[in-house]
Amino acid sequence: MNNHNEAGSSLRNKISDLIGEFYRQNAPRTEFIAGKTPIHYSGRYYDEKEMQAAVEASLDFWLTEGRFTSRFESELAKTVGTKHALLVNSGSSANLLALTALTSPLLCDRRLHPGDEVITVAAGFPTTVNPIIQNGLIPVFVDVDIPNYNINTADLLKALSPKTRAVFVAHTLGNPFNLDEIMSIARKHNLFVIEDNCDALGSFYKGQLTGSFGHLATCSFYPAHHITLGEGGAVLTSDDTLAKIVRSLKDWGRDCFCGPGQNDRCGKRFSRQYGELPFGYDHKYVYSHIGYNLKATEFQAAIGVEQLKKLNQFCEIRRRNFQLWLNGFAKHEEYFILPETTQNSDPAWFAFPLTVRSEKTAFTRNDITSYLNEHLVETRNLFGGNLLRQPAYKNITHRKIGELPNTDRVMNDTFFLGTYPGLDREQIDYSLNIVEHFFSLRGIK
């Protein structure tokens, strides 16, 4: 990279100052006009610092992984409490890499093979399940509990078989699953655990951040999540071997860990024997895995460095907004199942989930979500509902424990409202008033 001489540094400072001025003059309007301003369930939340960082990276024009990537990975690992954090281009890629890492020959007898089983849930997002299928493994689906929307640990025990090798589940909407029970089961049965932490960055279980419990964990930095790089994700682990595997898989399967533009940092470039290659074959072109190119860019990492500084602030706002929704819906428990925090946890809620008590109401989920949408209040279903009822999964090889009644309940009756930092009390109060209007029109008190 270019050294920053004195003149260059002065120009960079001027550019940075101008970006700050540009932001202050052109920052997104925050004025809320009831009935005219859309109330989004999520969105990017930033200020001039992220813009200045992105331009700083562009002035380096390094483009691929560089100094900002190294800094972001180091600070993310330190924040969560893991030894390694590996930046990739999306949370979906992070999930693919985490699961694929368990199939690596470097794990010797512990590696997963096609036909091995991985326990998961169908009430969630597809990219937790897809890597299981893509690696020729068998997903075993268990039901979730309502109202915490996480894996039912009693069903998990029923799902165990001689072929079970791993558990791969998400902390649903930021609410941690029961880590004590799942990690205990995993230790007893020698199972790998992958935490899909994409909706839960900043959530705590017994005072420890989620993402630091499993053998591997994943993050997503899509704009809807707790911090954003535009796109982006990360794999977290404290296992050196797993980190080495993930680093290889995301980088074309290379055996060498030298970064872009680095030569012989590993000390192995022309001095080793690899497979049936000629002795001394350039280590930069030795491949120990069948991998991908899933790296992120320096621009994303630079934005991430600034976003990460605000994580605690963002999470506290999410907790506040969740509580505002909870207070507002408390008088409507006759019609909605309200969410419950997992015992011993402090979630940084991704969203506020509600399940319509369809057996007691004269309205459906679609009735109320349509009404909210008509009044510019965004809602979302709990992702794929029951993935086994989605067209893409109709003919996959799988097992399931029981008929997954709560998963179907989520598919039919559950939706969520936003908690992201762009929401404030005024917007939430307006949304709650719309719910009251909906009830009034239907003669519900």
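Here are a few things to note about the model shown:
- Test set (1) out of contact with any strand residue (DSSP E or B) (no Cβ under 8 Å at 6 or more places or on another chain); (2) in a helix (DSSP H, G or I) - GLU73 fails condition number: (1)
- Pick from the stretch 309-354, criterion over 19 Å from ASN197 (Cα atoms) and exposed (fewer than 15 other Cβ atoms within 10 Å of the Cβ), ranking: nearest to the chain's Cα centre (by Cα): GLN323
- Screening MET411 against (1) touching a Lys or Arg at 6+ places or on another chain (Cβ under 9 Å); (2) crowded, with 18+ Cβ neighbours inside 10 Å; (3) closer than 20 Å to GLY174 by Cβ leaves a single unmet condition, (3).
- Any hit, the stretch 105-119, residues being outside any helix (DSSP H, G or I) and of a type in the set (Lys, Arg): yes
- Each residue in the stretch 267-309 was checked for being touching a residue at least 60 places away in the same chain (Cβ under 8 Å) and assigned to a loop (DSSP other than H, G, I, E, B), and 7 of them qualify.
- Test result for GLU340, outside the structural domain of GLN134 (by TED's automatic domain parsing) and assigned to a loop (DSSP other than H, G, I, E, B): yes
- Selection over the stretch 391-408 of residues that are part of a helix (DSSP H, G or I) and surrounded by fewer than 18 Cβ atoms within 10 Å (Cβ to Cβ) gives a count of 4.
- Test: residue in the stretch 323-330 that is touching a residue at least 40 places away in the same chain (Cβ under 8 Å) and small (Gly, Ala, Ser): yes
- Taken together, the residues in the stretch 286-296 that are polar (S, T, N, Q) and either surrounded by 22 or more Cβ atoms within 10 Å (Cβ to Cβ) or farther than 28 Å from ASN95 by Cβ (or both) amount to 0.
- Note on the stretch 129-165: residues that are of a type in the set (D, E, K, R) and either without any contact (Cβ under 8 Å) to a residue 40 or more places away in the chain or not assigned by TED's automatic domain parsing to the domain that holds LEU96 (or both) total 0.
- In the stretch 243-261, the residues that are surrounded by 17 or more Cβ atoms within 10 Å (Cβ to Cβ) and either not charged (D, E, K, R) or not assigned by TED's automatic domain parsing to the domain that holds HIS84 (or both): ALA243, ILE245, VAL246, SER248, LEU249, CYS256, CYS258
- Qualifying positions in the stretch 62-79 - over 17 Å from PHE257 (Cβ atoms) and either among the hydrophobic types (A, V, I, L, M, F, W, C) or modelled with pLDDT under 95 (or both): TRP62, LEU63, PHE68, PHE72, LEU76
- Within the stretch 365-385, if we keep just the residues that are in a strand (DSSP E or B) and not charged (D, E, K, R), the residue that is surrounded by the most Cβ atoms within 10 Å (Cβ to Cβ) turns out to be VAL377.
- Every residue from the stretch 162-212 that is over 26 Å from SER104 (Cα atoms) and aliphatic (A, V, I, L, M): LEU173, ALA200, LEU201, LEU209
- Filter pass, LYS83 being touching an Asp or Glu at 6+ places or on another chain (Cβ under 8 Å), within 17 Å of HIS215 (Cα to Cα) and not hydrophobic (A, V, I, L, M, F, W, C): yes
The values are calculated or read from the model by the stated rules, or taken from the named source; none is laboratory data. Note that the structure is a prediction, hence the values are computed from the model and not measured. Glycine also receives a Cβ, built like all others from the backbone with ideal geometry; neighbour counts cover every protein chain displayed.
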